[in-house]
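Have a look at the structure below, then the notes.
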Amino acid sequence: MLNLKIVKEKMNEFPSYLKSWVKTFTGSLTIFCLLILFVMPFLSANQSFTHVFLRQFSLAMIFAIFAASWDLLTGISGQISFGHAIFFGISGYICAYLIKYQSFPIWISIIISTVVAVFFGLAIGFPLLRLKGPYLALGTLAMSLILLKLFLMGSLADWLFGSEGISALPGLAATPVIEYFILFIFMILTFVILIQISKSKFGTILKSIRDDEVGSDASGINTTKYKIYAFMLSSFFAGLAGGFYALYIGAVNPTGNFGTVLSFFAILMASLGGLATISGAALGAFFFIFLEYALIEIGVVEIGNLAIDFGLYKFAIFAVILIVIIRFAEHGILKPLLERLKDLWDLLLGR
Amino acid sequence: MIVDIMNMLFNGTLTGAVYALIAMGYSLVYGVGGIMNLSHGAYFMLTGYLLLWMLQTPFFIGLEWLTVVFALIIITVIGGLTFLLLVKPLQDSHVAVVIVTFGLAFLLEQVVLISPSGTEVWSIGQLRLFQGYTMVFGYPIVHQYVFLIVMSIVIVLLFALFINKSKLGKSIRAVSQDREAAGLMGINASRILLYTVMISALLAGLAAFLYLPGASLDGPSMGWGYLLNSFAVVILGGMGSLIGSVAGAFIVGYTISFTNVFVPYGPSWAHLVPIIIIIVILLIRPQGLFGKKELR
Amino acid sequence: MGVILEVKNLTKKFGGLTAVNDFSFEIKRGEFIGLIGPNGAGKTTVFNLISGFEKPSSGRIRFNGIDITGMKPYKIVNLGIARTFQLVRSFKYLSLLDNITVSCLSKRGKEVSKKTGTDNYASSILASVGLIDKARIPPIILPHGDLRKLQIGKAVGTNPELLLLDEPFSGLSFEEQLGITDLIKKLHADGVTIFITGHVLRELMTLVPRVIAMHQGKFIADGPPVQVANNKIVLEAYLGRGVKIA
Ligand SMILES: Nc1ncnc2c1ncn2[C@@H]1O[C@H](COP(=O)(O)OP(=O)(O)O)[C@@H](O)[C@H]1O
Ligand SMILES: [Mg+2]
């Protein structure tokens with residue numbers, strides 16, 4: 001039941017809430033980053049800039065949405081998913097199929113594919129939720145491998161397009177700059193929604209399930225219901241990212257859209273930023289894309305007579321980063337770094 | 001027809017024998033310490049490549065048997081290090097253990113992938129103890145595989161003997177039944193867990209040494225398949241149950257070989273069989289066919 | 001003064017072990033009643049069965065006339081039975097206030113929350129258990145006594161009619177025990193029916209007007225504490241003579 005009066009009050013409060021938020025360290029920093037992201041496309045009309053550099057940022061935004069969706073499910077709700085590529089991939093495929101073979105408009109396709117992802121979240125979440133902890137992790141991993149293998153299967157290629165997948169899709173928008181802004185808006189929306197959810201009473205309930213499911217049950221919470229909500233919400237945003245990704249790449253194929261490596265990326269990015277923070281997922285995604293790009297750019301480095309190809313080593317480096325973070329920095333590295341900065345900031349302002 | 005049946009029976013037994021070795025350790029580690037070690041499949045894969053790399057080194061020409069000894073020692077040490085460096089400090093958190101061992105498996109895969117031998121299919125046939133095959137009802141029975149099956153049975157029996165009779169085995173059982181009580185009896189649970197993980201890595205290494213010379217190294221990502229299939233085996237048999245692991249291994253083995261031989265497009269569906277077993281068992285009987293433990 | 005809880009022929013087997021054996025009793029609305037028995041007698045299992053965390057092998061449990069046997073725990077909470085655990089448990093990364101807030105968001109908790117506001121309701125409970133000055137800190141750093149208080153606060157947040165307290169005094173100093181005692185008495189005065197376990201007789205003797213004694217899963221005695229304490233079987237159970245009943 002919606003209480004209109006309260007909603008109205010909240011609406012009036014909102015600008016002042018926003019004003020005080022902007023003055024906080026996180027607020028100022030967020031606004032600063034968003035401003036930079038906003039003006040960046042106008043910095044240069046140079047082709048290589050828009051086609052290479054800007055595209056990397058667009059990719060980071062897609063992954064930010066994806067990683068945040070994983071963080072909602074695993075970081076906030078404690079349901080370990082090792083198969084997040086399921087939602088990402090299924091949505092990408094549906095989107096590609098609708099556009100290519102049913103000539104649906106892009107936006108309708110994205111909406112439908114996201115809804116299908118939610119449906120998968122429900123269909124997979126419901127039976128798998130009986131599993132706890134590591135079992136759920138392997139259950140979701142198994143599910144994603146089933147899908148991967150089904151899509152790779154030659155005998156099903158007539159229906160699922162085989163290892164070739166679907167290619168030659170239209171882009172999300174006419175130019176990389178427009179694409180960039182569309183993703184920018186959706187990223188902001190995603191993060192506003194997910195952060196609000198994590199701070200809400202609903203979020204508190206999800207966190208209680210993560211911390212102690214039995215205790216949550218004993219507090220009168222229908223934990224199954226809330227876990228399914230978490231699965232559906234998470235698959236919604238993972239699906240959204242997956243649809244964008246299909247159009248961003250312009251093609252879908254089994255390993256590119258269902259690969260275990262995508263689930264691994266989501267885990268890595270969210271852990272880099274700091275689990276259960278949501279906003280950490282964005283930091284992690286940008287850092288991750290930057291690092292990947294940098295490693296490929298650095299390419300082959302010769303040390304003495306040893307040639308090291310960093311582009312080739314990137315996955316190994318990511319794996320080491322993940323291990324080190326989980327082992328030594330359970331709060332990620334980017335969020336704590338920002339907190340140190342905040343202390344410095346407060347010191348400078350004499351707060 | 002008889003050829004098909006022979007094919008199914010022999011390959012089922014073979015697959016079962018391999019997975020009995022791999023899954024036994026995997027299950028033991030979970031049963032004793034509640035540790036879900038996702039690097040377990042990577043141990044198997046890495047042993048194969050360790051053997052390959054050593055065989056490619058001129059030093060080992062004529063000393064092929066030394067490569068086996070070294071590879072098994074190295075993989076056992078890697079198992080021990082996994083526990084000491086990564087698992088032990090994180091034991092309180094299931095999420096962390098799962099993620100960190102997932103990361104390690106991924107790392108081992110990548111390390112092999114970027115090595116010069118990463119992207120091709122290799123044979124380590126030099127290590128076959130038995131060459132050739134015998135036709136039985138028109139189906140070629142490979143001698144090396146017969147050796148494997150026999151060895152696997154011997155190792156399983158020795159292992160059961162070890163767990164039930166030896167002092168270390170008894171300590172392992174004590175820790176798995178009640179960690180605190182074992183602590184009170186003066187058993188150092190942490191050390192026992194360390195040994196358990198090392199033993200499990202050794203068993204995975206043994207499986208690789210017995211199986212891979214007769215087959216091939218199909219690329220570093222093969223570890224995931226073995227991990228998932230072992231998971232199917234222990235899910236079927238019940239986490240922590242040794243008899244369950246062995247029984248589960250053969251059930252999975254025969255199911256795979258049946259699919260391979262008798263189902264249309266069998267070989268591609270056979271990949272899916274273990275995963276489907278996992279999902280179905282998890283949903284209808286989460287404690288496994290032979291297990292009693294609750295999933296908590 | 002109707003019957004609030006009716007337990008009939010309750011039995012729970014764990015493999016070969018019968019933890020609760022053909023156990024029957026009734027509790028009236030507004031009662032303050034203890035369940036005693038040495039360690040391993042089956043008290044916690046009785047609580048687990050009533051609160052739905054274990055399913056009975058046989059027997060029936062009725063609450064306010066409704067058959068709740070084998071119902072899911074959260075549904076039982078929503079009917080009005082809350083419990084605490086013998087081993088303290090909490091949402092370790094949530095603040096104390098949020099720990100309570102979760103219960104206030106349960107179905108019955110909401111009935112109050114709606115009127116007063118969830119935050120106010122949670123704060124008032126936190127104040128009543130004496131933890132309001134620690135509202136913003138997570139429970140990981142609390143001393144054991146405070147954790148016991150938090151347990152009770154979490155249960156109270158669900159707005160229960162019947163409160164099951166499993167060994168609320170265990171591991172507490174004498175002063176801490178007094179604090180908890182006051183808290184429980186206050187709850188009882190507010191109209192909550194209280195059912196409380198203890199494995200040390202002394203703790204409960206002065207607190208409750210009626211106790212039920214059990215041993216090895218079986219019912220032994222029911223009555224005023226003095227009477228039960230002098231029961232031959234109870235004495236022998238506590239002195240560990242290993243009596244055989246029936
Ligand atoms: N989940 C369980 N599985 C097997 N045995 C159990 C379980 N829970 C309790 N028991 C056994 O049931 C008996 C009663 O235990 P419990 O109810 O905890 O006793 P109390 O609370 O009176 O100390 C004990 O022997 C205990 O070991
Ligand atoms: Mg007890």
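Some observations on this one:
- Taking all Cα pairs closer than 8 Å and separated by 6 or more residues, the relative contact order of chain C comes to 25 percent.
- Among C:K72, C:K115, C:K134, the residue with the largest mean-square fluctuation in a Gaussian network model of chain C, with springs joining Cα atoms closer than 10 Å, is C:K115.
- Rounded to the nearest 20 debye, dipole of the protein assembly as shown from Cβ charges on Lys, Arg, Asp, Glu: 2480 debye
- Tilt relative to chain C, helix C:107-116 - C-alpha long axis, 0 to 90 degrees, to 10: 40 degrees
- FRET E, pair C:N230, B:D178, Förster distance 51 Å, beta-carbon r, rounded to 0.05: 0.90
- Interchain or long-range residues, amide H under 5 Å from C:H215's placed H: C:I220
- Chain-alone versus full-assembly comparison, the range C:66-111, residues with accessible loss of at least 40 Å² (1.4 Å probe): C:Y74, C:R89, C:F91, C:Y93, C:L94, C:V102, C:L105
- Each Lys or Arg adds one and each Asp or Glu subtracts one; over the other residues with Cβ under 15 Å from the Cβ of A:F264, this totals -2.
- Taking a Cβ cut-off of under 12 Å around C:E6, the surrounding Lys, Arg, Asp and Glu residues balance to a net charge of +3, with basic ones at +1 and acidic ones at -1.
- Taking the charge dipole of chain B about its Cα centre, with +1 at Lys and Arg Cβ atoms and -1 at Asp and Glu Cβ atoms, the residue from B:I114, B:S166, B:Q56 reaching farthest to the positive side is B:S166.
- Interface A-C: total buried accessible area of about 1700 Å², 1.4 Å probe, protein heavy atoms only.
- Probe 1.4 Å, protein heavy atoms only - accessible area per residue of chain A in square angstrom: 44 Å²
- Remark on C:V20: its backbone amide H falls under 5 Å from those of C:K12, a criterion applied only to residues 5 or more positions apart or on other chains, H modelled at 1.01 Å from N.
- Occluded residues from the range C:128-173, i.e. those whose accessible area drops by 20 Å² or more once the chain is not alone (1.4 Å probe): none
- Kyte-Doolittle mean at least 1.6 and Cα axial length at least 30 Å: DSSP H helices in chain A: A:106-128, A:176-199
- Against chain C, whose longest principal axis is taken from its Cα atoms, helix C:118-128 shows a tilt of about 60°.
- Other residues with beta-carbon under 15 Å from the beta-carbon of B:S171 carry, at +1 per Lys or Arg and -1 per Asp or Glu, a net charge of +4.
- Entries in A:K201/A:K227; C:K115/C:K185; C:K28/C:K110 that, when Cα-Cα distance is taken, lie over 19 Å: C:K115/C:K185; C:K28/C:K110
- The aspartates and glutamates within cross-link reach of A:K335, meaning a Cα-to-Cα straight distance under 13 Å and a gap of 8 or more places when in the same chain, are A:D343.
- Under the criterion of Cα pairs below 8 Å and six or more residues apart, the relative contact order for chain A equals 28 percent.
- Largest mean-square fluctuation among B:Y30, B:Y145, B:Y133, in a Gaussian network model of chain B whose springs join Cα atoms under 10 Å apart, belongs to B:Y133.
- Distance from the range A:310-325 to the range B:182-227 (C-alpha centre basis), Å: 24 Å
- Excluding ligands, DNA and RNA and using a 1.4 Å probe, chains A and B jointly bury around 3700 Å² of accessible surface, summed across both partners.
- Exposed-loop-free span, longest in chain B, where GluC sites (Glu not before Pro) count as exposed if DSSP calls them loop and at most 11 other C-beta atoms lie within 10 Å: B:121-293
- When only the Cβ of Lys, Arg, Asp and Glu is charged (+1, +1, -1, -1), the dipole of the range B:17-219 relative to its Cα centre reaches about 600 debye.
- Accessible area of B:M6 (1.4 Å probe, protein heavy atoms only, ligands and nucleic acids ignored): about 30 Å².
- The listed peptides A:75-83, B:86-94, B:157-165, ordered by packing as a protection proxy, come out as A:75-83, B:86-94, B:157-165 (highest mean of other Cβ atoms within 10 Å first).
- Drop in accessible area of at least 30 Å² in the complex versus isolated chain, residues of the range B:109-149, 1.4 Å probe: B:Q110, B:I114
- Accessible area (Å², 1.4 Å probe, nearest 10) - A:R210: 60 Å²
- Dipole magnitude (debye, nearest 20) for chain C, charges at Cβ of Lys, Arg, Asp, Glu: 600 debye
- Distance from the alpha carbon centroid of the range A:236-261 to that of the range C:30-52 works out to 54 angstrom.
- Mean accessible surface per residue for the range B:182-221, computed with a 1.4 Å probe while every protein chain stays in place, in Å²: 34 Å²
- Take the range C:108-151 with all the other protein chains still there, run a 1.4 Å probe, and you get 52 Å² of accessible area per residue.
- Within a Gaussian network of chain A (alpha carbon springs, distance under 10 Å), most fluctuating of A:F104, A:F236, A:F57: A:F104
- Residues whose placed amide H lies under 5 Å from that of A:F104, excluding near-sequence neighbours: A:I99
- For the range B:61-74, putting each phi into the Karplus relation 6.51 cos²θ - 1.76 cosθ + 1.60 with θ = phi - 60° gives couplings of 5, x, 10, 3, 5, 5, 4, 5, 4, 4, 4, 5, 5, 4 Hz, in residue order, rounded to whole numbers and with x for Gly and Pro.
- Within the accessible area of the protein assembly as shown (1.4 Å probe), percent carbon and sulfur: 65 percent
- Counting only DSSP beta bridges whose two residues both lie in the protein assembly as shown, roughly 65 percent are antiparallel.
The values are calculated or read from the model by the stated rules, or taken from the named source; none is laboratory data. Please read these numbers as outputs of a predicted model, since none were measured by experiment. Note: ideal-geometry Cβ built from the backbone for every residue, glycine included; neighbour counts use all protein chains shown. Side chains included, ligands, DNA and RNA excluded: accessible areas come from the protein's heavy atoms. Shrake-Rupley method; radii C 1.70, N 1.55, O 1.52, S 1.80 Å.
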